[in-house]
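Notes to accompany the following structure.
The values are calculated or read from the model by the stated rules, or taken from the named source; none is laboratory data. These numbers come from a predicted model, not from an experiment. Backbone-built Cβ (ideal geometry, glycine too); neighbour counts: all protein chains shown.
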Amino acid sequence: ARGLLAARLGADRVAAEPEAVDELIGLCGGHPLALSITARTAEPHPDVVLAETAAELRDLGLEALDHDSDPAASLPTVLSWSLRHLTDQQRTVFALLGIAPGPDTTPPATAALTGLPDRLARRTLSGLENASLLERRPGGRYAMHDLVRRYAADTAHTTLPEHVREAALTRVADFHLHTAHAAARLLEPHR
């Protein structure tokens, strides 16, 4: 990630602001696409310190990476291109994951959120991972980068009716409540 920024912005500029560079890398989740768009934003302004670019990205989030003049340099546009290659079901799951509670999900929680059978939820998560929209983590958990998650949430609010979103959130809340209750019964069976 640091090498990508150094190649685009110059090694001296990157070396001069290590804390700002670390923040940019963190805000972009180390994702090459987000880092490339961020570098493209900062590149024509060598007099602007990278800390300002990081502050803008921190404050504006996805909007800071939306460049109307060049669709290829716009993270929302590139993400929308990725969605075009998904099935309707994958797009719906992607959107619902954007509004789901918590930093990550599991296949059973995704099945509850979406109302899909477990096997189909697993296959859909795998498809989203293959499309680089999700990252698989240890323990069979899946997570979205914050910027991708924000885009997914925006997609949910613009493409899914409110009753669909509310039903999904109710199902996943019930799932988590049931899971917590079952865990409590295992830990204290005589309670």
*Look through segment 39-69, keep the residues that are modelled with pLDDT of 80 or more and among the β-branched types (Val, Ile, Thr), and return whichever of them is surrounded by the fewest Cβ atoms within 10 Å (Cβ to Cβ).*
Val49
*Residues in segment 70-97 that are surrounded by 14 or more Cβ atoms within 10 Å (Cβ to Cβ), among the hydrophobic types (A, V, I, L, M, F, W, C) and at pLDDT below 80: how many?*
4
*Filter segment 1-60 down to residues that are hydrophobic (A, V, I, L, M, F, W, C), in contact with a Cys (Cβ under 9 Å, 6 or more places away or on another chain) and either assigned by TED's automatic domain parsing to the domain that holds Glu135 or without any contact (Cβ under 8 Å) to a residue 60 or more places away in the chain (or both), then give me how many there are.*
4
*Working only within segment 126-184, note down all residues that are within 24 Å of Leu33 (Cα to Cα) and either part of a loop (DSSP other than H, G, I, E, B) or touching a strand residue (DSSP E or B) at 6+ places or on another chain (Cβ under 6 Å) (or both).*
Glu129, Ala131, Ser132, Leu133, Leu134, Glu135, Arg136, Arg137, Tyr142, Ala143, Met144, His145
*Any idea which of Arg119, Arg137, Arg150 is free of Cβ contacts under 8 Å to residues at least 12 places away in the same chain and charged (D, E, K, R)?*
Arg119
_For segment 24-35: of the residues being at pLDDT 80 or above and either surrounded by 21 or more Cβ atoms within 10 Å (Cβ to Cβ) or touching a Leu at 6+ places or on another chain (Cβ under 8 Å) (or both), which is farthest from His145 (Cα to Cα)?_
Leu24
_Qualifying position, being farther than 20 Å from Thr158 by Cα, in the same structural domain as His163 (by TED's automatic domain parsing) and surrounded by fewer than 16 Cβ atoms within 10 Å (Cβ to Cβ), among Asp118, Asp104_ = Asp118
*Is at least one residue of segment 114-124 closer than 28 Å to Leu35 by Cβ and out of contact with any strand residue (DSSP E or B) (no Cβ under 6 Å at 6 or more places or on another chain)?*
yes
*Find the residue count for segment 102-142, including only residues that are under 21 Å from Asp174 (Cα atoms) and at pLDDT 95 or above.*
22
*Go through the residues of segment 147-155 one by one and say whether even a single one is at positive phi and surrounded by fewer than 20 Cβ atoms within 10 Å (Cβ to Cβ).*
no
